[in-house]
Amino acid sequence: MRKDGIFIAVEVDDQVAADTELARKLTEACPVDIFAQSADGSLEIVEKNLDECVLCRLCLDAAAAAGADGAVKIVKLYDGDAVLA
Amino acid sequence: MRFFEYEAREVVKRAGIPVTDYGFTTDAAEARTIAERIGGPTVIKSQVLTGGRMKAGGVKFADTPEEAEAHARDILALEINGHMPRGVLVDPKAEVEQEYYAGVVWDGTAKRPLMLFSDMGGIDIEQVAEEHPDHVGRGHFSTIEPFSDFQAKQVIAAAGVTGRALQRATPVLARLAQLFLDNDMTLAEINPLAELKDGSFVALDAHMEMENEGMPRQKNLIEALGIGAEEGTREDHTPTAFEEAVKAIDAADHRGVIQGKDTGFNGNIGLVIGAGGGSLTLTDAVRQQGGKPANYSEIGGNPSVAKACGLAKQVLQKDGVEKIAVMMSIVSNTRVDIVARGVIKACLELGRDPGETIAIFRIPGAWEEEGFKILDKYGIEYCDRSVSLWEAAGRAVAKIEGAS
(Lines give C-alpha, C1' and ligand atoms only; values in the text may rest on other atoms or scores of the structure.)
Protein backbone atom coordinates (compact mmCIF):
# COMPACT_ATOMS: atom_id res chain seq x y z
CA MET A 1 0.00 0.00 0.00
CA ARG A 2 1.08 3.56 -0.59
CA LYS A 3 -0.31 6.92 0.41
CA ASP A 4 0.95 10.34 -0.64
CA GLY A 5 0.92 13.60 1.23
CA ILE A 6 2.23 16.87 -0.19
CA PHE A 7 5.81 16.31 0.93
CA ILE A 8 5.98 12.72 2.09
CA ALA A 9 4.69 9.43 0.75
CA VAL A 10 4.73 6.18 2.72
CA GLU A 11 4.84 2.82 1.06
CA VAL A 12 4.44 -0.47 2.94
CA ASP A 13 4.70 -3.93 1.52
CA ASP A 14 1.17 -5.40 1.43
CA GLN A 15 2.22 -8.65 3.13
CA VAL A 16 3.88 -6.71 5.94
CA ALA A 17 0.84 -4.48 6.29
CA ALA A 18 -1.27 -7.55 7.06
CA ASP A 19 1.07 -8.63 9.86
CA THR A 20 -0.74 -7.48 13.00
CA GLU A 21 2.34 -7.71 15.22
CA LEU A 22 4.41 -5.54 12.89
CA ALA A 23 1.45 -3.19 12.51
CA ARG A 24 1.44 -2.79 16.29
CA LYS A 25 5.15 -2.10 16.39
CA LEU A 26 4.96 0.50 13.61
CA THR A 27 2.02 2.18 15.29
CA GLU A 28 3.98 2.36 18.54
CA ALA A 29 7.16 3.52 16.85
CA CYS A 30 5.90 6.49 14.84
CA PRO A 31 6.04 9.69 16.92
CA VAL A 32 3.63 11.52 14.64
CA ASP A 33 0.97 8.82 14.25
CA ILE A 34 1.39 8.02 10.58
CA PHE A 35 0.55 4.39 11.30
CA ALA A 36 -2.53 2.96 12.96
CA GLN A 37 -4.16 -0.44 13.28
CA SER A 38 -7.53 -1.11 11.74
CA ALA A 39 -10.20 -3.17 13.52
CA ASP A 40 -8.73 -6.43 12.27
CA GLY A 41 -5.25 -5.45 13.45
CA SER A 42 -3.78 -4.81 10.03
CA LEU A 43 -1.80 -1.68 9.23
CA GLU A 44 -3.36 1.58 8.13
CA ILE A 45 -1.58 4.68 6.89
CA VAL A 46 -3.07 7.86 8.35
CA GLU A 47 -3.09 10.21 5.38
CA LYS A 48 -3.58 13.44 7.32
CA ASN A 49 -0.40 12.82 9.29
CA LEU A 50 1.89 11.99 6.37
CA ASP A 51 3.35 15.46 6.08
CA GLU A 52 4.19 15.47 9.78
CA CYS A 53 6.87 12.81 9.15
CA VAL A 54 10.06 13.94 10.89
CA LEU A 55 12.28 11.49 8.99
CA CYS A 56 13.28 9.81 12.24
CA ARG A 57 13.63 6.34 10.71
CA LEU A 58 12.00 4.67 13.72
CA CYS A 59 9.55 2.86 11.45
CA LEU A 60 12.39 1.62 9.27
CA ASP A 61 14.20 0.36 12.36
CA ALA A 62 11.04 -1.31 13.70
CA ALA A 63 10.50 -3.11 10.42
CA ALA A 64 14.14 -4.21 10.27
CA ALA A 65 14.03 -5.50 13.85
CA ALA A 66 10.98 -7.59 12.92
CA GLY A 67 12.81 -9.13 9.98
CA ALA A 68 11.05 -6.99 7.39
CA ASP A 69 13.95 -4.75 6.40
CA GLY A 70 13.00 -2.56 3.46
CA ALA A 71 9.28 -3.30 3.73
CA VAL A 72 8.55 0.31 4.75
CA LYS A 73 9.63 3.15 2.50
CA ILE A 74 9.52 6.86 3.29
CA VAL A 75 9.56 8.86 0.06
CA LYS A 76 10.55 12.53 0.00
CA LEU A 77 8.33 13.92 -2.72
CA TYR A 78 10.16 17.27 -2.66
CA ASP A 79 13.51 15.63 -3.33
CA GLY A 80 12.98 13.77 -6.59
CA ASP A 81 11.17 10.98 -4.77
CA ALA A 82 14.30 10.13 -2.80
CA VAL A 83 13.74 7.21 -0.44
CA LEU A 84 14.81 7.65 3.17
CA ALA A 85 17.57 5.16 3.74
CA MET B 1 -1.71 41.82 36.22
CA ARG B 2 -3.51 45.03 37.01
CA PHE B 3 -4.90 46.15 40.35
CA PHE B 4 -7.73 48.42 41.30
CA GLU B 5 -6.76 51.52 43.23
CA TYR B 6 -8.19 50.16 46.49
CA GLU B 7 -6.04 47.04 46.09
CA ALA B 8 -2.96 49.04 45.14
CA ARG B 9 -3.46 51.20 48.22
CA GLU B 10 -3.56 48.08 50.36
CA VAL B 11 -0.27 46.95 48.82
CA VAL B 12 1.21 50.35 49.59
CA LYS B 13 -0.10 50.19 53.15
CA ARG B 14 1.37 46.73 53.68
CA ALA B 15 4.74 48.09 52.57
CA GLY B 16 4.66 50.60 55.42
CA ILE B 17 3.86 53.67 53.35
CA PRO B 18 1.29 55.92 55.03
CA VAL B 19 -2.11 56.02 53.37
CA THR B 20 -5.27 57.90 54.27
CA ASP B 21 -8.01 56.29 56.33
CA TYR B 22 -9.99 55.28 53.25
CA GLY B 23 -12.73 52.71 52.82
CA PHE B 24 -13.87 50.60 49.90
CA THR B 25 -17.44 49.60 49.28
CA THR B 26 -19.82 48.40 46.62
CA ASP B 27 -22.81 49.90 48.42
CA ALA B 28 -23.89 53.56 48.46
CA ALA B 29 -25.32 53.35 52.00
CA GLU B 30 -22.05 51.92 53.25
CA ALA B 31 -20.23 54.81 51.55
CA ARG B 32 -22.19 57.08 53.86
CA THR B 33 -21.13 55.04 56.89
CA ILE B 34 -17.50 55.30 55.84
CA ALA B 35 -17.86 59.05 55.33
CA GLU B 36 -19.39 59.35 58.82
CA ARG B 37 -16.43 57.46 60.28
CA ILE B 38 -14.00 59.73 58.43
CA GLY B 39 -15.89 62.70 59.83
CA GLY B 40 -15.15 65.43 57.30
CA PRO B 41 -15.13 66.20 53.59
CA THR B 42 -14.50 63.15 51.44
CA VAL B 43 -13.62 62.17 47.91
CA ILE B 44 -15.66 59.40 46.24
CA LYS B 45 -13.66 57.61 43.58
CA SER B 46 -14.85 55.07 41.05
CA GLN B 47 -12.84 51.82 41.10
CA VAL B 48 -12.30 51.00 37.45
CA LEU B 49 -9.33 49.63 35.55
CA THR B 50 -9.22 52.50 33.10
CA GLY B 51 -8.03 56.07 33.03
CA GLY B 52 -9.99 59.31 32.67
CA ARG B 53 -12.07 58.88 35.84
CA MET B 54 -12.09 62.53 36.77
CA LYS B 55 -13.14 63.71 33.31
CA ALA B 56 -15.87 61.06 33.12
CA GLY B 57 -17.36 62.10 36.46
CA GLY B 58 -15.98 59.13 38.34
CA VAL B 59 -14.38 61.25 41.07
CA LYS B 60 -16.58 63.54 43.17
CA PHE B 61 -16.13 65.56 46.34
CA ALA B 62 -18.58 65.43 49.23
CA ASP B 63 -18.90 67.73 52.22
CA THR B 64 -21.35 65.54 54.12
CA PRO B 65 -22.04 61.79 54.50
CA GLU B 66 -25.39 62.29 52.71
CA GLU B 67 -23.60 63.81 49.76
CA ALA B 68 -21.05 60.96 49.84
CA GLU B 69 -23.90 58.43 49.60
CA ALA B 70 -25.51 60.28 46.68
CA HIS B 71 -22.22 60.54 44.81
CA ALA B 72 -21.46 56.87 45.47
CA ARG B 73 -24.85 55.90 44.05
CA ASP B 74 -24.20 57.92 40.88
CA ILE B 75 -20.65 56.63 40.46
CA LEU B 76 -21.60 52.99 41.01
CA ALA B 77 -23.97 53.29 38.03
CA LEU B 78 -21.50 55.16 35.85
CA GLU B 79 -19.75 53.31 33.02
CA ILE B 80 -16.32 54.68 32.17
CA ASN B 81 -14.68 53.73 28.87
CA GLY B 82 -16.80 50.59 28.75
CA HIS B 83 -15.98 49.61 32.33
CA MET B 84 -18.50 49.39 35.17
CA PRO B 85 -16.92 50.15 38.54
CA ARG B 86 -15.96 47.39 40.96
CA GLY B 87 -17.01 49.74 43.77
CA VAL B 88 -16.12 53.13 45.18
CA LEU B 89 -13.31 54.27 47.38
CA VAL B 90 -14.27 56.80 50.04
CA ASP B 91 -11.25 58.87 50.92
CA PRO B 92 -10.76 61.77 53.34
CA LYS B 93 -10.18 65.00 51.49
CA ALA B 94 -6.63 65.73 52.57
CA GLU B 95 -5.22 69.17 53.41
CA VAL B 96 -2.37 69.07 50.96
CA GLU B 97 0.64 71.35 51.16
CA GLN B 98 2.27 69.94 48.02
CA GLU B 99 1.74 67.04 45.64
CA TYR B 100 4.61 64.82 44.52
CA TYR B 101 4.99 61.84 42.23
CA ALA B 102 6.80 58.65 43.28
CA GLY B 103 7.10 55.69 40.96
CA VAL B 104 9.08 52.60 40.08
CA VAL B 105 8.81 51.09 36.65
CA TRP B 106 10.53 48.19 34.93
CA ASP B 107 12.90 49.53 32.29
CA GLY B 108 12.92 46.83 29.63
CA THR B 109 15.81 48.42 27.77
CA ALA B 110 18.09 48.69 30.77
CA LYS B 111 16.64 45.46 32.21
CA ARG B 112 16.53 47.07 35.63
CA PRO B 113 13.89 48.87 37.70
CA LEU B 114 13.84 52.64 37.38
CA MET B 115 12.84 54.96 40.23
CA LEU B 116 11.16 58.23 39.33
CA PHE B 117 10.35 61.14 41.58
CA SER B 118 8.92 64.57 40.87
CA ASP B 119 7.84 67.55 42.92
CA MET B 120 5.06 68.07 40.38
CA GLY B 121 2.57 65.37 41.36
CA GLY B 122 -1.07 64.94 40.52
CA ILE B 123 -0.55 65.07 36.76
CA ASP B 124 0.85 62.54 34.30
CA ILE B 125 4.54 61.98 34.86
CA GLU B 126 5.02 61.77 31.07
CA GLN B 127 3.74 65.33 30.77
CA VAL B 128 6.04 66.54 33.55
CA ALA B 129 9.02 64.75 31.98
CA GLU B 130 8.32 66.42 28.65
CA GLU B 131 7.53 69.93 29.85
CA HIS B 132 9.63 70.16 33.02
CA PRO B 133 12.43 67.59 32.73
CA ASP B 134 14.40 69.29 35.51
CA HIS B 135 11.59 68.39 37.91
CA VAL B 136 11.99 64.66 37.41
CA GLY B 137 14.65 62.60 39.17
CA ARG B 138 15.51 59.17 37.86
CA GLY B 139 17.68 56.29 38.99
CA HIS B 140 18.03 52.61 38.18
CA PHE B 141 18.65 50.03 40.87
CA SER B 142 19.63 46.40 40.99
CA THR B 143 17.30 43.44 41.38
CA ILE B 144 20.19 41.45 42.83
CA GLU B 145 22.20 43.73 45.11
CA PRO B 146 20.61 44.98 48.33
CA PHE B 147 18.67 48.22 47.98
CA SER B 148 19.88 51.25 49.89
CA ASP B 149 17.65 54.16 50.95
CA PHE B 150 20.44 56.43 49.77
CA GLN B 151 19.63 55.51 46.16
CA ALA B 152 16.07 56.78 46.69
CA LYS B 153 17.39 59.93 48.29
CA GLN B 154 19.58 60.68 45.29
CA VAL B 155 16.62 60.36 42.94
CA ILE B 156 14.47 62.68 45.04
CA ALA B 157 17.30 65.21 45.36
CA ALA B 158 17.74 65.10 41.56
CA ALA B 159 14.18 66.43 41.27
CA GLY B 160 15.22 69.48 43.28
CA VAL B 161 13.66 68.42 46.58
CA THR B 162 15.64 69.44 49.67
CA GLY B 163 15.43 69.73 53.45
CA ARG B 164 12.60 68.19 55.43
CA ALA B 165 10.68 67.06 52.37
CA LEU B 166 13.75 65.18 51.13
CA GLN B 167 14.15 63.45 54.49
CA ARG B 168 10.48 62.48 54.72
CA ALA B 169 10.00 61.41 51.11
CA THR B 170 13.09 59.17 51.09
CA PRO B 171 11.60 56.25 53.08
CA VAL B 172 8.45 56.43 50.95
CA LEU B 173 10.34 55.98 47.67
CA ALA B 174 12.67 53.41 49.26
CA ARG B 175 9.70 51.33 50.48
CA LEU B 176 8.06 51.66 47.09
CA ALA B 177 11.23 50.29 45.47
CA GLN B 178 11.33 47.41 47.94
CA LEU B 179 7.63 46.75 47.39
CA PHE B 180 8.32 46.64 43.64
CA LEU B 181 10.99 43.97 44.13
CA ASP B 182 9.16 41.95 46.77
CA ASN B 183 5.91 41.76 44.82
CA ASP B 184 7.19 41.21 41.26
CA MET B 185 5.69 44.49 40.07
CA THR B 186 6.31 46.02 36.68
CA LEU B 187 4.84 49.33 37.83
CA ALA B 188 4.37 50.78 41.30
CA GLU B 189 3.23 54.36 41.33
CA ILE B 190 1.96 56.80 43.93
CA ASN B 191 0.45 59.87 42.34
CA PRO B 192 -0.17 62.07 44.08
CA LEU B 193 2.07 61.53 47.03
CA ALA B 194 0.90 64.31 49.28
CA GLU B 195 2.85 66.37 51.76
CA LEU B 196 0.30 67.46 54.34
CA LYS B 197 0.24 70.68 56.31
CA ASP B 198 2.02 68.96 59.22
CA GLY B 199 4.88 67.89 56.93
CA SER B 200 3.95 64.22 56.83
CA PHE B 201 3.67 62.29 53.57
CA VAL B 202 0.69 60.19 52.58
CA ALA B 203 -0.26 58.25 49.44
CA LEU B 204 -3.47 59.66 47.96
CA ASP B 205 -3.61 57.34 44.95
CA ALA B 206 -1.68 54.28 43.84
CA HIS B 207 -1.31 52.29 40.67
CA MET B 208 0.24 48.82 40.58
CA GLU B 209 0.87 46.29 37.86
CA MET B 210 2.38 42.87 38.52
CA GLU B 211 4.41 40.73 36.15
CA ASN B 212 1.99 38.03 34.93
CA GLU B 213 4.65 35.36 35.35
CA GLY B 214 5.09 36.47 38.98
CA MET B 215 1.48 35.72 39.87
CA PRO B 216 2.01 32.13 41.09
CA ARG B 217 4.80 33.34 43.36
CA GLN B 218 2.59 36.14 44.69
CA LYS B 219 -0.34 33.85 45.41
CA ASN B 220 -0.51 34.88 49.07
CA LEU B 221 -0.74 38.57 48.26
CA ILE B 222 -3.32 38.02 45.54
CA GLU B 223 -5.42 35.90 47.89
CA ALA B 224 -5.08 38.42 50.69
CA LEU B 225 -6.43 41.11 48.39
CA GLY B 226 -9.45 38.90 47.72
CA ILE B 227 -8.69 38.42 44.04
CA GLY B 228 -10.02 35.16 42.65
CA ALA B 229 -8.23 33.03 40.08
CA GLU B 230 -11.14 33.60 37.68
CA GLU B 231 -10.08 37.22 37.28
CA GLY B 232 -6.89 36.22 35.47
CA THR B 233 -4.53 39.07 34.68
CA ARG B 234 -7.35 41.59 34.11
CA GLU B 235 -5.68 42.66 30.91
CA ASP B 236 -7.73 45.24 29.10
CA HIS B 237 -7.72 43.57 25.75
CA THR B 238 -10.44 41.78 23.85
CA PRO B 239 -8.76 39.29 21.51
CA THR B 240 -9.47 39.72 17.82
CA ALA B 241 -10.78 36.87 15.68
CA PHE B 242 -7.23 36.34 14.39
CA GLU B 243 -5.82 36.20 17.91
CA GLU B 244 -8.52 33.79 19.06
CA ALA B 245 -7.98 31.54 16.05
CA VAL B 246 -4.21 31.37 16.55
CA LYS B 247 -4.69 30.66 20.23
CA ALA B 248 -7.08 27.80 19.43
CA ILE B 249 -4.63 26.28 16.94
CA ASP B 250 -1.87 26.48 19.52
CA ALA B 251 -4.02 24.91 22.24
CA ALA B 252 -5.10 22.02 20.02
CA ASP B 253 -1.57 20.71 19.45
CA HIS B 254 1.07 20.34 22.16
CA ARG B 255 3.95 20.48 19.68
CA GLY B 256 5.72 23.83 19.59
CA VAL B 257 4.27 27.22 20.32
CA ILE B 258 2.60 29.85 18.18
CA GLN B 259 1.22 33.23 19.08
CA GLY B 260 -0.41 35.85 16.93
CA LYS B 261 -1.42 39.44 17.58
CA ASP B 262 -2.97 41.86 15.16
CA THR B 263 -4.40 44.56 17.37
CA GLY B 264 -3.11 47.82 15.94
CA PHE B 265 -1.75 46.22 12.77
CA ASN B 266 -3.38 46.78 9.39
CA GLY B 267 -0.58 46.39 6.86
CA ASN B 268 -0.10 44.23 3.81
CA ILE B 269 2.85 42.06 4.84
CA GLY B 270 1.98 39.02 6.90
CA LEU B 271 4.63 37.95 9.39
CA VAL B 272 5.36 34.35 10.33
CA ILE B 273 8.32 35.01 12.56
CA GLY B 274 10.04 33.98 15.76
CA ALA B 275 13.05 32.59 17.60
CA GLY B 276 14.67 34.04 20.67
CA GLY B 277 13.53 37.65 20.36
CA GLY B 278 13.52 37.39 16.59
CA SER B 279 9.89 38.43 16.36
CA LEU B 280 10.46 41.83 17.94
CA THR B 281 13.65 42.41 15.98
CA LEU B 282 12.02 41.41 12.71
CA THR B 283 8.87 43.46 13.26
CA ASP B 284 11.07 46.50 13.94
CA ALA B 285 13.23 45.70 10.90
CA VAL B 286 10.18 45.53 8.64
CA ARG B 287 8.75 48.77 9.99
CA GLN B 288 12.01 50.68 9.91
CA GLN B 289 12.44 49.79 6.25
CA GLY B 290 9.01 51.10 5.33
CA GLY B 291 7.07 47.86 5.55
CA LYS B 292 3.59 47.65 7.00
CA PRO B 293 3.09 44.46 9.03
CA ALA B 294 -0.37 42.96 9.08
CA ASN B 295 0.33 41.18 12.35
CA TYR B 296 2.87 40.14 14.93
CA SER B 297 3.57 36.49 15.56
CA GLU B 298 5.84 34.09 17.36
CA ILE B 299 6.59 30.58 16.29
CA GLY B 300 9.06 28.22 17.90
CA GLY B 301 9.65 25.22 20.11
CA ASN B 302 9.54 22.86 17.12
CA PRO B 303 5.94 23.17 16.04
CA SER B 304 4.25 20.54 13.94
CA VAL B 305 3.58 21.07 10.26
CA ALA B 306 -0.09 21.50 11.14
CA LYS B 307 0.68 24.25 13.63
CA ALA B 308 2.98 26.17 11.29
CA CYS B 309 0.39 25.71 8.55
CA GLY B 310 -2.40 26.92 10.84
CA LEU B 311 -0.55 30.10 11.75
CA ALA B 312 0.39 30.85 8.14
CA LYS B 313 -3.19 30.29 7.00
CA GLN B 314 -4.54 32.68 9.58
CA VAL B 315 -2.01 35.31 8.56
CA LEU B 316 -2.72 34.82 4.86
CA GLN B 317 -6.44 35.13 5.38
CA LYS B 318 -6.17 38.51 7.07
CA ASP B 319 -7.64 41.38 5.08
CA GLY B 320 -5.04 43.23 3.05
CA VAL B 321 -2.26 40.64 3.29
CA GLU B 322 -0.47 40.39 -0.04
CA LYS B 323 2.45 38.18 0.88
CA ILE B 324 3.98 36.63 3.95
CA ALA B 325 7.54 36.85 5.18
CA VAL B 326 8.73 33.75 7.02
CA MET B 327 11.74 34.75 9.07
CA MET B 328 13.45 33.62 12.20
CA SER B 329 16.77 34.00 13.92
CA ILE B 330 19.01 30.92 13.76
CA VAL B 331 16.98 28.00 15.09
CA SER B 332 18.21 25.00 16.99
CA ASN B 333 15.10 23.53 18.55
CA THR B 334 12.78 24.29 15.65
CA ARG B 335 13.21 22.46 12.37
CA VAL B 336 13.55 24.51 9.22
CA ASP B 337 12.03 21.81 7.01
CA ILE B 338 8.96 21.42 9.21
CA VAL B 339 8.21 25.16 9.15
CA ALA B 340 8.84 25.21 5.40
CA ARG B 341 6.34 22.40 4.91
CA GLY B 342 3.80 24.19 7.10
CA VAL B 343 3.88 27.55 5.33
CA ILE B 344 3.88 25.96 1.86
CA LYS B 345 0.97 23.75 2.82
CA ALA B 346 -0.93 26.84 3.98
CA CYS B 347 -0.44 28.47 0.60
CA LEU B 348 -1.50 25.37 -1.28
CA GLU B 349 -4.59 24.79 0.85
CA LEU B 350 -5.66 28.38 0.17
CA GLY B 351 -5.08 27.94 -3.55
CA ARG B 352 -2.09 30.26 -3.68
CA ASP B 353 1.26 29.80 -5.34
CA PRO B 354 3.89 29.45 -2.57
CA GLY B 355 6.57 30.96 -4.80
CA GLU B 356 4.49 34.09 -5.30
CA THR B 357 3.00 34.25 -1.82
CA ILE B 358 6.07 33.79 0.36
CA ALA B 359 8.11 36.96 -0.10
CA ILE B 360 11.13 35.54 1.69
CA PHE B 361 11.98 32.52 3.79
CA ARG B 362 14.86 33.22 6.12
CA ILE B 363 15.14 30.47 8.72
CA PRO B 364 18.63 29.10 9.09
CA GLY B 365 19.44 26.30 11.49
CA ALA B 366 18.40 22.76 12.24
CA TRP B 367 17.54 20.70 9.16
CA GLU B 368 18.08 23.65 6.85
CA GLU B 369 19.45 21.50 4.00
CA GLU B 370 16.20 19.56 3.95
CA GLY B 371 14.21 22.76 4.22
CA PHE B 372 16.04 24.37 1.33
CA LYS B 373 15.23 21.37 -0.90
CA ILE B 374 11.54 21.92 -0.17
CA LEU B 375 11.80 25.64 -0.84
CA ASP B 376 13.67 24.98 -4.09
CA LYS B 377 10.90 22.73 -5.32
CA TYR B 378 8.28 25.44 -4.85
CA GLY B 379 10.42 28.30 -6.20
CA ILE B 380 10.52 30.22 -2.95
CA GLU B 381 13.23 32.82 -2.34
CA TYR B 382 15.17 31.81 0.72
CA CYS B 383 18.38 32.71 2.44
CA ASP B 384 20.71 31.26 5.02
CA ARG B 385 22.47 32.79 8.02
CA SER B 386 24.81 34.82 5.82
CA VAL B 387 21.85 37.16 5.24
CA SER B 388 21.01 39.23 8.30
CA LEU B 389 17.52 39.56 9.74
CA TRP B 390 17.60 43.21 8.70
CA GLU B 391 18.48 42.40 5.11
CA ALA B 392 15.89 39.62 4.88
CA ALA B 393 13.21 41.98 6.21
CA GLY B 394 14.33 44.59 3.69
CA ARG B 395 14.05 42.11 0.83
CA ALA B 396 10.52 41.18 1.90
CA VAL B 397 9.50 44.83 2.11
CA ALA B 398 11.03 45.59 -1.31
CA LYS B 399 9.23 42.66 -2.88
CA ILE B 400 5.86 43.70 -1.51
CA GLU B 401 6.34 47.38 -2.31
CA GLY B 402 7.40 46.39 -5.82
CA ALA B 403 4.28 44.31 -6.25
CA SER B 404 1.88 47.00 -4.99
In Å and on Cα atoms, what radius of gyration and Dmax does region B:191-251 show?
18.4, 60
Cα-Cα pairs in region B:241-403 separated by more than 24 Å, as a whole percent of all pairs, come to 21 percent
Fully extended contour minus Cα-Cα distance, from residue B:381 to residue B:27, at 0.36 nm per residue:
121.0 nm
On the full set of protein chains, 1.4 Å probe, figure out the accessible area of residue B:26 and give it in Å² to the nearest 10.
90 Å²
Stokes-Einstein D for region B:338-404, Kirkwood Rh over Cα pairs, 10 °C, 1.306 mPa s (µm²/s)
129 µm²/s
All-pairs alpha carbon distance profile, chain B, 10 Å steps from 0, percent
5, 19, 22, 19, 17, 12, 5, 1, 0
Within the set of other residues whose C-beta is less than 11 Å from the C-beta of residue A:69, count the net charge using Lys and Arg as +1 and Asp and Glu as -1.
-2
Residue A:58 accessible area, nearest 10 Å², 1.4 Å probe?
80 Å²
Charge dipole (region B:21-93, unit charges on Cβ, about Cα centre) - positive-most of B:92, B:35, B:52
B:52
Where chymotrypsin sites (Phe, Trp or Tyr not before Pro) fall in DSSP loop in region B:1-98, at most 10 other Cβ within 10 Å
none
Three-way shape label, region B:1-41, alpha-carbon gyration tensor, a/c 1.5:
oblate
Ordering B:2, B:341, B:168 by how much accessible area each has at a 1.4 Å probe, largest first, what is the list?
B:168, B:2, B:341
In debye to the nearest 20, the charge dipole size for the protein assembly as shown, taken about the Cα centre with +1 at each Lys and Arg Cβ and -1 at each Asp and Glu Cβ, equals 620 debye
Report the normalised scattering of region B:21-93 as log10 I(q)/I(0) at q = 0.15, 0.21, 0.22, 0.28 Å⁻¹, calculated by the Debye formula with identical scatterers on the alpha carbons.
-0.38, -0.73, -0.80, -1.22
According to a simple spin-label model (label point 7 Å from Cα along Cα-to-Cβ), what is the distance in nm between residue B:126 and residue B:254?
4.3 nm
If ligands, DNA and RNA are left out, what is the accessible area of residue B:84 with a 1.4 Å probe, given in Å² to the nearest 10?
100 Å²
Sequence-distant or interchain residues sharing an amide H contact under 5 Å with residue A:32, placed H: which?
none
Along region B:349-363, what does the Karplus equation 6.51 cos²θ - 1.76 cosθ + 1.60 (θ = phi - 60°) give for ³J(HN,Hα), rounded to whole Hz, x for Gly and Pro?
5, 9, x, 10, 7, x, x, 8, 7, 8, 5, 7, 10, 10, 10
Volume per residue of the C-alpha convex hull in chain A, rounded to whole Å³:
76 Å³
Dipole of the protein assembly as shown, positive direction: furthest Cα of A:27, B:192, B:154, with charges on the beta-carbon:
B:154
State the extension gain, in nm to one decimal, for the chain segment bounded by residue B:54 and residue B:388, taking 0.36 nm per residue of separation less the distance between their alpha-carbons.
115.3 nm
Using a 1.4 angstrom probe with every protein chain in place, what is the largest-first accessible-area order of A:77, A:26?
A:77, A:26
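The values are calculated or read from the model by the stated rules, or taken from the named source; none is laboratory data. Remember, it's a predicted structure, so these values are computed and weren't measured experimentally. In this analysis, Cβ positions are derived from the backbone assuming ideal geometry, glycine residues included, and neighbour counts consider all displayed protein chains. The protein model used for the area step is the full one, side chains on, heavy atoms only, and it has no ligands, DNA or RNA in it. Shrake-Rupley method; radii C 1.70, N 1.55, O 1.52, S 1.80 Å.
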